[in-house]
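The values are calculated or read from the model by the stated rules, or taken from the named source; none is laboratory data. A quick note: this is a predicted structure, and the numbers were derived from the prediction, not measured. Glycine also receives a Cβ, built like all others from the backbone with ideal geometry; neighbour counts cover every protein chain displayed. Remember, those area values only see protein heavy atoms, side chains included, never the ligands or the DNA or RNA. Shrake-Rupley method; radii C 1.70, N 1.55, O 1.52, S 1.80 Å.
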Amino acid sequence: MDIHALQQIVHQTRDARRKQTIPKFSPADRDQLIHKYHPDYRASAYRPIRFGPNADEKTVVELAALLEGDSLITDEMDLTPQYTTDVLVIGGGGAGCAAALHAHHAGAKVMLATKLRLGDSNSVMAQGGMQISVAPEDSPVTHFIDTLKGGHMHNDHDLLKVMVEEGPSIAKWLIELGVLFDRQADGNLHVKKGGGSSKPRLVTCSDYTGLEMMRVLKDEVLNQKIQLLEFCAAVELLSDEHGQCTGAIFKDLDNHRFVVVAAKSVILATGGIGRLHIQGFPTSNHYGATGDGLCLSYRMGAKLAHIDTFQYHPSGAVYPEQLVGQLVTEGIRSEGGHLVNAKGERFVNELDTRDVVSSSIIRECEEGRGIRTMSGRVGVWLDTPLLDAEHGPGTVEKHFPAMMMQFERFGIDISKDPVLIYPTLHYQNGGVKIDTNSETNVKNLFVAGEASGGLHGRNRLMGNSLLDLMVFGKRSGLTAASRAASMSHGKLTVQHLQRFRADAKKHGNVSGVTSPMILPAYTRKVS
Amino acid sequence: MAQDNTNVIDQPEVMQPRMVSIEISGKKYDVPEGITVIKALWYTGQEVVRGAGCLGGFCGACATYYRTKDDPKVRTCLACQMAVEDGMSFTIMPPFPARKAIYDLQTLKDPKQDLFNLYPEAPLCRNCNACTEACPQKIDVREGVWKAVFGDFKSVSEMFMDCVMCGMCTPVCIADIAPNLVALYVSRAQGARFTEKPVGLDARIKEIQEGRYNDEWKKLLNMSEKELADHCATVK
Ligand SMILES: Cc1cc2nc3c(=O)[nH]c(=O)nc-3n(C[C@H](O)[C@H](O)[C@H](O)COP(=O)(O)OP(=O)(O)OC[C@H]3O[C@@H](n4cnc5c(N)ncnc54)[C@H](O)[C@@H]3O)c2cc1C
Ligand code: SF4
Ligand code: SF4
Ligand code: FES
């Protein structure tokens, strides 16, 4: 059927739906729903990791293969460094930029190396905002509680307390750097309510929060003349005879040569895993989100946490085909947008946590109440025109300019027509286990941002990631810098690889892949 | 299960993809109609490293020049956000060596005046409007440059909120202005120097420093798992 004909039911039922309130699930119903429909509970997608620090723990098969994968680096490689620095930051997203700026400010010699250009990352795409308890009726303690609930009580309390308490000072730092957060008429920060939050707490820059933060952070990295190495992908870490981290090896993606960097400490800020397309899901993530940091840390002996749980954002675009997987910001639901099935019914409280909303969308689709596309996809409607009906014409355009433009390019006016959505692979809830200084169990190896784990428990609350990046980027940067003054460079070896390879051999060398992946293999093989 | 077609969106282009002829950097290829420009590169067997970043229309890495069939006008787009059509020809834009000024926002004496030291070319705009025409984000770039020069930093910061820093406005400028870099400086100055300080934020920072929440923390962190869960359930 013509898409407009299918959308009629959304227009027809709008007024009736506006009078409805949909209660949130009880904890028992919620758990039942998630266990039945959330992709994290699809047992066939999982297998135990065969060896290494998380041996016998389960994760998705796509990641398990990479964790067990072999390195590009041979034992005989010449490890004479081309560069020597105090602090080596790997990754040019929000966490990497924050780490580099703080380490530099604290007086360390810093190098920032990244796979694509500085700033090409997930961070630049964050639309929904950053959770910081600034409203008078809110507090860091309430922020803590909301996050804990969202994470199903599995969050690391120490990490979480640090994050919520440092939030407000992070906002101040960003404002001093020139980030233009939305304001109320009285000059205070404007806050929105996000899914799973009991208080309005999202600070935003229109629907360009990540872009605005990254424009500023990138510019500041350049202003501070921090040494940059772009289009260089980390392919192995370096260790000394005690197993401490002493640098990294990169592959220069322009000339395919290896680059060795000696450092007193390394901060991995390599982000997420969306481009592994776990369980065949499309993703909202950037081109380089291939979980490289997990593989590198794992081979060094760093322990991972919660790597069996991933966030499938409820609203990934399903139509048009060109936008499949791309994020339709949660902001639409925060402002009252309904989710509507093919029968014109709402089926979940749209502001419940992401795992609940995603599970219920999957339920609707599996039970035949979804809308299908001819390319074999399925989804439900997100009633975007409702926002104009509710808050006055022009609301969608004014509050969601980025999203308006995205769909307009394909001839769709989201202020007039609802959008078809289905969960998209969005975020890795877990990652490399860190302490409150962002350090791993491998000395002088720090991990910050999405690549790290423990803070978010089993489901990240929306808007908490941007804050995570800033807080733990800062902590890793400051700790690494403070150590630099009183230590010298360690030996550069790949002894950890010998250990890792011996382990792999014992388990039959079955992975058959080289990791990290670096970039997804999208290029069609033309024979 | 029998597939009924009541809830299926018509997508004839998906059912029978029509192949179209396009030109990539001067070479002819046939690709399925409607795929994005970036996917056309992958489809034709090319490895993409420079030229792809976020894949979501936010980073500007995929800035591309294109022309449609028989139209002399060369346009710009973000390759990850543009569908190919028959007769289209395109080339990804190489990095352009625009000059970025170096500054410390906090120590600038008079940011509106300092603009002319940092970017002395900014007031030399010759009003050709090429930058506006080149912008894939539909920003009125020319107007922005003028507003910057006249000190209306607030308007500039609002106009350039959509700027993905693709840099397509720079190579076209006959006055060697990099409008996006000028606007970024102006926006940052607006944020850091000309925007009201949020008093509520400072108050909250002070509260935390002074230990206003210490008792609550103590209570919370000493709870058993069960007590904590019950307590959390009361917060709605
Ligand atoms: C579309 C979208 C919207 C989002 N919206 C929000 C939101 O509104 N609020 C919120 O809080 N969170 C949001 N998130 C989540 C949040 O943006 C990310 O979790 C966060 O940006 C991750 O930051 P990061 O610095 O850890 O990683 P990234 O920003 O992804 O940066 C990782 C960097 O490391 C580089 N890299 C990767 N591998 C290597 C390697 N081997 N060698 C060298 N460099 C490497 C990458 O190229 C990249 O530059 C969103 C995420 C997406 C995808
Ligand atoms: S203003 Fe310039 S850099 Fe910014 S989006 Fe437009 S063309 Fe790109
Ligand atoms: S391209 Fe340069 S000269 Fe022309 S209007 Fe834009 S800023 Fe002015
Ligand atoms: S790849 Fe980032 S805008 Fe296209």
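How many percent of Cα pairs in segment B:111-193 exceed 20 Å?
21
Per residue, how much accessible area does chain A show when a 1.4 Å probe rolls over the protein heavy atoms, in square angstrom?
Result: 32 Å² per residue.
Averaged across the residues of A:170-180, what count of C-beta atoms belonging to other chains lies within 10 Å of each residue's C-beta? Can you show the working numbers first?
Values: counts 1, 4, 6, 0, 2, 6, 6, 5, 16, 5, 11.
Mean shielding count: 6.
Any idea how far the Cα center of segment B:175-236 sits from the one of segment B:89-145, in Å?
32
Counting partner chain Cβ atoms within 10 Å of every residue's Cβ in A:109-117, what's the average?
Other-chain Cβ atoms within 10 Å of each residue's Cβ, averaged: 2.
Cα-based count: Lys pairs in segment B:133-236 below 20 Å, eight or more positions apart or different chains?
8
Charges at C-beta only: +1 for Lys and Arg, -1 for Asp and Glu. How large is the resulting dipole of the protein assembly as shown about its Cα centre, in Debye rounded to 20?
For the protein assembly as shown, the charge dipole is close to 620 debye.
Counting pairs of alpha carbon atoms under 8 Å apart in space and at least six apart in sequence, what relative contact order in percent does chain A give?
Computed over chain A, the figure is 25 percent.
Between the alpha-carbon centers of segment A:428-455 and segment A:356-411, tell me the distance in whole angstrom.
35
Restricting things to alpha carbons, find the Rg to Rh ratio for segment A:424-527 using the Kirkwood radius for Rh.
Using only Cα positions, Rg/Rh for segment A:424-527 is 1.06.
Between chains B and A, what is the buried accessible area in Å², counting both sides, with a 1.4 Å probe and ligands, DNA and RNA left out, to the nearest 100?
Values: alone 15640 and 20690 Å², together 28900 Å².
Roughly 7400 Å² of accessible surface disappears when B and A pair.
Beyond a 23 Å Cα-Cα separation, which of these cross-linked pairs lie in this structure: B:Lys27/B:Lys100; A:Lys115/A:Lys225; A:Lys172/B:Lys100? All intermediate terms of the calculation are to be shown ahead of the outcome.
Working: B:Lys27/B:Lys100 34 Å; A:Lys115/A:Lys225 19 Å; A:Lys172/B:Lys100 25 Å.
In this structure, B:Lys27/B:Lys100; A:Lys172/B:Lys100 exceed 23 Å between Cα atoms.
Starting with the highest mean, order B:93-100, A:64-71, A:366-373, A:121-128 by the number of other Cβ atoms within 10 Å, averaged over the residues of each peptide. Could the numbers behind the result be given before it?
On the way: B:93-100: 13.4, A:64-71: 20.8, A:366-373: 19.0, A:121-128: 29.0.
Final packing ranking: A:121-128, A:64-71, A:366-373, B:93-100.
Mind ordering B:29-35, A:132-138 by average Cβ neighbours within 10 Å, highest first?
Per-residue mean Cβ counts within 10 Å order the peptides as A:132-138, B:29-35.
Between segment A:152-225 and segment A:298-325, what's the alpha-carbon centroid distance in Å?
22
Between the DSSP loop rule and a limit of at most 15 other Cβ atoms within 10 Å, which GluC sites (Glu not before Pro) in segment B:146-236 are left?
Details: sites: B:Glu158, B:Glu196, B:Glu207, B:Glu210, B:Glu216, B:Glu225, B:Glu227; in loops: B:Glu196, B:Glu210.
Passing sites in segment B:146-236 are B:Glu196, B:Glu210.
Where the accessible area of segment A:46-100 is counted over protein heavy atoms with a 1.4 Å probe, how much of it, in %, is carbon and sulfur?
50
Could you give log10 I(q)/I(0) at q = 0.10, 0.14, 0.17 Å⁻¹ for chain B, computed by the Debye formula over C-alpha point scatterers of equal weight, without solvent?
-0.71, -0.92, -1.15
Rounded to two decimals, what is Rg over Rh for segment A:241-308 when you use alpha-carbon atoms and the Kirkwood radius?
The Rg/Rh ratio comes out at 1.02.
If only Cα atoms are counted, what is the Rg of chain A, and what is its Dmax, in Å?
22.8, 71
When the Karplus curve 6.51 cos²θ - 1.76 cosθ + 1.60 is applied with θ = phi - 60°, which whole-Hz ³J(HN,Hα) does each residue of segment A:212-224 get, with x for Gly and Pro?
Karplus values, whole Hz, x for Gly and Pro: 4, 5, 6, 4, 6, 5, 4, 4, 6, 4, 5, 4, 7.
On a 0 to 90° scale, report how tilted helix A:464-484 is relative to the longest principal axis of chain A, with both axes built from alpha carbons and the result rounded to the nearest 10.
Helix A:464-484 sits at roughly 10 degrees to that axis.
Kirkwood hydrodynamic radius for segment A:203-352: how many Å is it when counted over pairs of different Cα atoms?
After inverting the pairwise mean of 1/r, the radius is 19.1 Å.
Let me have the 222 nm mean residue ellipticity of chain A computed from DSSP H runs of 4+ only, each contributing -39500 (n - 2.57), with the sum over all residues rounded to the nearest 500.
Mean residue ellipticity at 222 nm (helix-derived): -10000 deg cm²/dmol.
Give the long-range amide H neighbours of A:Gly247: residues separated by 5 or more places, or on another chain, with amide H under 5 Å away, using H modelled in the peptide plane at 1.01 Å from N.
Excluding prolines and chain starts, which carry no amide H, the hits are A:Leu238, A:Ala263.
By a straight-distance test (C-alpha under 15 Å), which aspartates and glutamates pair with A:Lys58 as possible cross-link partners, with residues fewer than eight away in the same chain excluded?
Within the straight-line cut-off, A:Lys58 pairs with A:Asp40, A:Glu68, A:Asp308.
5 Å is the cut-off here: which amide hydrogens, built 1.01 Å from N in the peptide plane, fall below it relative to B:Cys59, excluding neighbours closer than 5 in sequence?
Here the answer is B:Cys54, since their amide H atoms fall under 5 Å of that of B:Cys59.
Pairs A:Lys109/A:Lys303; A:Lys149/A:Lys193; A:Lys36/A:Lys433; A:Lys192/A:Lys398: which are spaced more than 18 Å apart, C-alpha to C-alpha?
Those over the limit are A:Lys109/A:Lys303; A:Lys36/A:Lys433.
In deg cm²/dmol, rounded to 500, what helix-only [θ] at 222 nm does chain B give when every DSSP H run of at least 4 residues adds -39500 (n - 2.57) and the total is split over its residues?
Rounded to the nearest 500, it is -10000 deg cm²/dmol.
What dipole magnitude, in Debye to the nearest 20, does segment B:13-92 give about its Cα centre under +1 on Lys/Arg Cβ and -1 on Asp/Glu Cβ?
240
Amide H of A:His286: which non-local residues (sequence gap of 5 or more, or other chain) have their own amide H closer than 5 Å, using H built in the peptide plane?
Amide H neighbours of A:His286: A:Asn122.
For A:203-213, what's the mean count of beta carbons from other chains sitting within 10 Å of each residue's beta carbon?
Other-chain Cβ atoms within 10 Å of each residue's Cβ, averaged: 3.
Over the Cα atoms of segment B:13-92, how large are the radius of gyration and the largest Cα-Cα distance (Dmax), in Å?
Gyration radius and largest Cα-Cα distance of segment B:13-92: 11.9, 33 Å.
Averaging over every viewing direction, what projected area does the convex hull of the Cα atoms of segment B:87-142 cover, in nm²?
Mean orientational projected area (segment B:87-142, Cα hull): 6.0 nm².
When only alpha-carbon atoms count, how far does segment A:337-475 stretch along each of its three principal axes, as whole angstroms with the largest first?
Here the Cα extents, ordered largest to smallest, are 55, 36, 28 Å.
Can you tell me, using C-alpha contacts under 8 Å and at least 6 residues apart, the relative contact order of chain B as a whole percent?
Taking the mean separation of contacting Cα pairs over the length of chain B, I get 15 percent.
Find the accessible area per residue for chain B; the probe is 1.4 Å, ligands and nucleic acids are left out, and the unit is Å².
It amounts to 50 Å² per residue over chain B.
What is the packing order of peptides A:30-37, A:108-115, B:102-109, taking the mean over residues of other C-beta atoms within 10 Å and listing the highest first?
Packing order, densest peptide first, comes out as A:108-115, A:30-37, B:102-109.
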